[in-house]
Amino acid sequence: MAAHPAGHPPALLAAQVDLDCPAGVAASKPTITLTPREEQLKDLLLLAAKFIDDHDLKHPPSGGNPAEPPPPRRDPLVLRWAGGWVRDKLLGIASHDIDTAINAMTGEAFVDRLRDYCDVTEHRARHALAPEDVGRLHTVPRNPDKSKHLATSTIKLCGLDVDFVNLRRETYTEESRNPVVEFGTAEEDALRRDASVNALFYNLGTGEVEDFVGGLEDLKGGLIRTPMEPLQTFLDDPLRVLRLVRFASRLGFRIDKQAEEVMGDERVLGNLRVKISRERIGVELEKMMRGKRPAEALRLIDRLGLYHAVFTDPERADMPRPDTASWKAGYECLELLESTKTPGSIYDLLVTSEEARYYAWSLATLIPWEQLPDDPPLASGKLALPLPMQAARAGFKASNKLCDVITAAHRHRPAIVELRDIVREKRAGVDERDRFGMTIRDWDARGGNWRLQVLFAILVEVAECTVAGKEPARSRTKESVLAEWQQFLDHLVEMDVMNAPTIKRLVDGKMLANELGVRPGRWTGAALDVALAWQFRNPGVEDPAGAIEEVRKRRDELGIR
């Protein structure tokens with residue numbers, strides 16, 4: 001049995017598999033136990049397939065031209081659940097997404113006929129289908145230029161997300177980087193998949209698991225291996241490189257040595273930069289960062305040399321290439337903070353939701369970019385977009401909200417470190433609650449999620465203190481850096497400013513204008529900030545009179561006429 005990382009050995013929970021049997025032989029059959037909803041779906045699909053077969057047998061296609069013979073009658077429908085659902089069921093992992101492979105019909109054609117079947121009242125009654133049990137059809141079109149070679153039809157059935165696509169084989173030629181995609185056999189379909197553990201089938205008709213490429217043995221051995229020769233597999237579809245990283249990190253499996261040796265091949269990475277849509281790269285990366293082991297995914301990306309093919313702007317010819325030598329210290333620091341979370345700890349205070357966790361790990365991917373100088377200002381005088389934001393937006397299509405956080409984290413980092421240093425060195429102003437509260441509000445207003453901006457500053461500093469030749473005069477270690485940031489956050493908690501962005505103002509612009517006997521104008525924003533700063537200096541006071549008086553004292557300074 002192969003060794004596995006950190007206590008995560010795979011386990012074929014559903015059955016013991018006879019590894020002496022050759023691939024594809026029925027004697028190596030494990031057992032899959034279906035949930036009630038899966039049983040309902042299986043029964044629905046099998047009877048729908050029989051309904052379609054019976055109809056087409058009685059009403060064969062004519063071919064449309066009486067002078068020509070009718071097209072050959074297709075084979076009876078055989079339905080298989082494929083890939084990740086089979087893998088996860090064998091590992092005892094709950095799965096709600098099911099890929100259905102069809103032998104003799106496209107996915108879209110089958111779903112159209114399936115919906116006809118479900119429209120019959122007695123059929124719906126037979127399968128106990130509620131109105132919401134049959135959703136709308138959604139088809140993702142093929143896009144060969146971005147290695148999306150076949151349309152996929154998706155529909156919600158029996159509470160499960162079900163994709164339908166025909167079994168296929170792919171043939172590549174020297175004349176084109178895009179394959180010729182044709183109907184294929186189950187074995188041909190298995191061979192073209194990214195990993196052997198994702199090439200297993202559950203035959204709905206027989207109830208058996210079918211293995212044509214040794215996936216069961218690899219599943220039991222904790223191995224991620226390509227069904228065919230690795231280099232050609234990755235050249236055919238470079239996204240498979242990231243998919244293997246995702247599955248290895250998610251399952252705690254190791255990647256086959258032969259595959260690892262070519263995953264960072266320049267030919268593969270070159271194709272990954274230009275051949276695969278950045279949206280698809282973003283989907284893979286988001287699944288890694290939202291998974292249980294994002295640090296392991298980043299370790300693999302780092303070790304295999306994939307960084308510059310993912311986190312970059314492939315359209316920009318002069319895009320820099322940051323040094324990733326210190327990156328490991330940054331993302332492993334986040335892993336440490338997450339794994340040692342306790343009430344009041346750095347992670348507990350700064351990462352407050354699952355969405356924030358995803359943003360935190362996304363920020364960790366961009367640590368190397370902080371060592372590079374900003375691009376020159378634009379001709380208009382505006383600041384150029386920060387390099388880490390360019391890498392995120394163009395590299396993995398980060399959302400606008402995430403891009404805003406990245407930009408703010410980059411631009412506010414010097415000010416965040418400066419505020420930390422005031423606490424560390426106990427400088428003048430260390431106890432000025434209004435200064436801290438108003439500054440935090442400003443960070444949050446300019447980009448959102450100020451806590452993650454602080455976290456990014458922490459991770460960057462930990463990474464920087466590991467770079468040879470760049471340490472300051474006094475000794476700086478990860479432990480000392482984290483201790484200083486913990487001291488800073490404890491100070492914010494003690495001053496009760498962690499929720500500064502959500503503090504409710506005692507006065508608004510209309511109230512100030514009425515009290516001062518003037519009309520609202522350009523002065524209003526600055527005056528409201530004066531009033532809010534007074535609030536921070538006087539916590540617990542609910543009477544707005546003091547805040548209004550503070551504005552009145554400074555009306556000349558504020559230009560209130």
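The values are calculated or read from the model by the stated rules, or taken from the named source; none is laboratory data. No experiment lies behind these values; they were computed from the predicted model shown. Cβ sites come from the backbone with ideal geometry, for glycine too, and all protein chains shown count toward neighbours.
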*Just name the residue that is surrounded by the most Cβ atoms within 10 Å (Cβ to Cβ) out of those in region 230-282 that are within 23 Å of GLY84 (Cβ to Cβ) and acidic (Asp, Glu).*
ASP237
*Quick one: which of GLU479, GLU494, GLU484 is of a type in the set (D, E, K, R), assigned by TED's automatic domain parsing to the domain that holds ILE440 and surrounded by 12 or more Cβ atoms within 10 Å (Cβ to Cβ)?*
GLU484
*Looking for whichever is of a type in the set (Gly, Ala, Ser) and surrounded by fewer than 13 Cβ atoms within 10 Å (Cβ to Cβ) here; the options are GLY546, GLY521, GLY525, GLY509. Which one fits?*
GLY525
*asked:* When the residues of region 402-428 are narrowed to those that are assigned to a helix (DSSP H, G or I) and without any contact (Cβ under 8 Å) to a residue 12 or more places away in the chain, which ends up farthest from PRO388 (Cα to Cα)?
replied: ILE422
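Determine whether ALA533 is modelled with pLDDT of 95 or more and within 23 Å of LEU349 (Cα to Cα). Write out each step before concluding.
Numbers: modelled with pLDDT of 95 or more: yes; within 23 Å of LEU349 (Cα to Cα): no.
In short, no.
From the list VAL283, VAL274, exactly one residue is hydrophobic (A, V, I, L, M, F, W, C), part of a helix (DSSP H, G or I) and farther than 26 Å from GLU335 by Cα. Which is it?
On the way: VAL283 fails: farther than 26 Å from GLU335 by Cα.
Just a single option satisfies the conditions, and that option is VAL274.
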*Identity of the residue in region 173-188, exposed (fewer than 14 other Cβ atoms within 10 Å of the Cβ) and in a strand (DSSP E or B), that ends up modelled with the lowest pLDDT*: SER176
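Does GLY305 qualify as being in contact with a Gly (Cβ under 8 Å, 6 or more places away or on another chain) and surrounded by fewer than 21 Cβ atoms within 10 Å (Cβ to Cβ)?
Working: in contact with a Gly (Cβ under 8 Å, 6 or more places away or on another chain): yes; surrounded by fewer than 21 Cβ atoms within 10 Å (Cβ to Cβ): yes.
In short, yes.
I'd like to know if region 362-373 contains one or more residues that are under 18 Å from ALA457 (Cα atoms), outside any helix (DSSP H, G or I) and over 27 Å from the mean Cα position of the chain (by Cα).
Applying the first criterion (under 18 Å from ALA457 (Cα atoms)) to region 362-373 yields 362-373.
Filter once more, so that each one left must be outside any helix (DSSP H, G or I): 365-366, 372-373.
Retained after the next criterion (residues that are over 27 Å from the mean Cα position of the chain (by Cα)): 373.
For region 362-373, residues under 18 Å from ALA457 (Cα atoms), outside any helix (DSSP H, G or I) and over 27 Å from the mean Cα position of the chain (by Cα): present.
Could you list all residues from region 225-262 that are within 22 Å of the chain's Cα centre (by Cα) and closer than 26 Å to THR171 by Cβ? Reasoning before the result, please.
Narrowing region 225-262 to residues within 22 Å of the chain's Cα centre (by Cα): 234, 237-255.
Selection gives PHE234, ASP237, PRO238, LEU239, ARG240, VAL241, LEU242, ARG243, LEU244, PHE247.
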*Qualifying positions in region 374-401 - part of a loop (DSSP other than H, G, I, E, B) and buried (at least 22 other Cβ atoms within 10 Å of the Cβ)*: PRO386, ALA398
*Got a number for residues in region 94-124 being touching a Leu at 6+ places or on another chain (Cβ under 7 Å) and of a type in the set (A, V, I, L, M, F, W, C)?*
7
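Could you pull out every one of the helices (runs of 4 or more DSSP H) wholly within region 83-131 that has 2 or more residues that are of a type in the set (Gly, Ala, Ser) and in the same structural domain as ASN166 (by TED's automatic domain parsing)? Give the derivation first.
Details: elements: 84-91, 107-118, 121-126.
Once the helices (runs of 4 or more DSSP H) in region 83-131 are filtered for at least 2 residues that are of a type in the set (Gly, Ala, Ser) and in the same structural domain as ASN166 (by TED's automatic domain parsing), what remains is 107-118.
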*Where a residue in region 297-318 is free of Cβ contacts under 8 Å to residues at least 12 places away in the same chain and on the phi > 0 side of the Ramachandran plot and its partner, wherever it lies, is surrounded by 17 or more Cβ atoms within 10 Å (Cβ to Cβ) and not hydrophobic (A, V, I, L, M, F, W, C), with Cβ under 8 Å and at least six apart*: none
*State which residue pairs qualify: first residue more than 18 Å from PHE436 (Cα to Cα) and in the same structural domain as ARG519 (by TED's automatic domain parsing) and inside region 534-561, second residue of a type in the set (D, E, K, R) and surrounded by 14 or more Cβ atoms within 10 Å (Cβ to Cβ) in any location, beta carbons under 8 Å apart, and separation of 6 or more residues or different chains.*
ILE548/GLU515; ARG552/GLU515
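Scan region 537-549 for residues that are of a type in the set (Asp, Glu) and within 11 Å of LEU506 (Cβ to Cβ) and jot them down.
Narrowing region 537-549 to residues of a type in the set (Asp, Glu): 542-543, 549.
Residues satisfying the conditions are GLU542, ASP543.
Determine whether region 520-532 contains at least one residue that is of a type in the set (Asp, Glu) and either closer than 21 Å to VAL430 by Cα or over 48 Å from the mean Cα position of the chain (by Cα) (or both). Give the steps one after another, and end with the answer.
First, pick out the residues of region 520-532 that are of a type in the set (Asp, Glu): 529.
Filter again for either closer than 21 Å to VAL430 by Cα or over 48 Å from the mean Cα position of the chain (by Cα) (or both), leaving 529.
Checked region 520-532: at least one residue is of a type in the set (Asp, Glu) and either closer than 21 Å to VAL430 by Cα or over 48 Å from the mean Cα position of the chain (by Cα) (or both).
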*Tell me, yes or no, whether region 15-24 has at least one residue that is at pLDDT 90 or above and closer than 15 Å to ASN203 by Cα.*
no
*Which numbered condition trips up VAL245, out of (1) without any contact (Cβ under 8 Å) to a residue 40 or more places away in the chain; (2) in a helix (DSSP H, G or I)?*
(1)
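A quick yes/no check of all residues on (1) buried (at least 20 other Cβ atoms within 10 Å of the Cβ); (2) of a type in the set (D, E, K, R):
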site: ALA297; (1), (2): yes, no
site: ASP313; (1), (2): no, yes
site: SER345; (1), (2): no, no
site: ARG357; (1), (2): no, yes
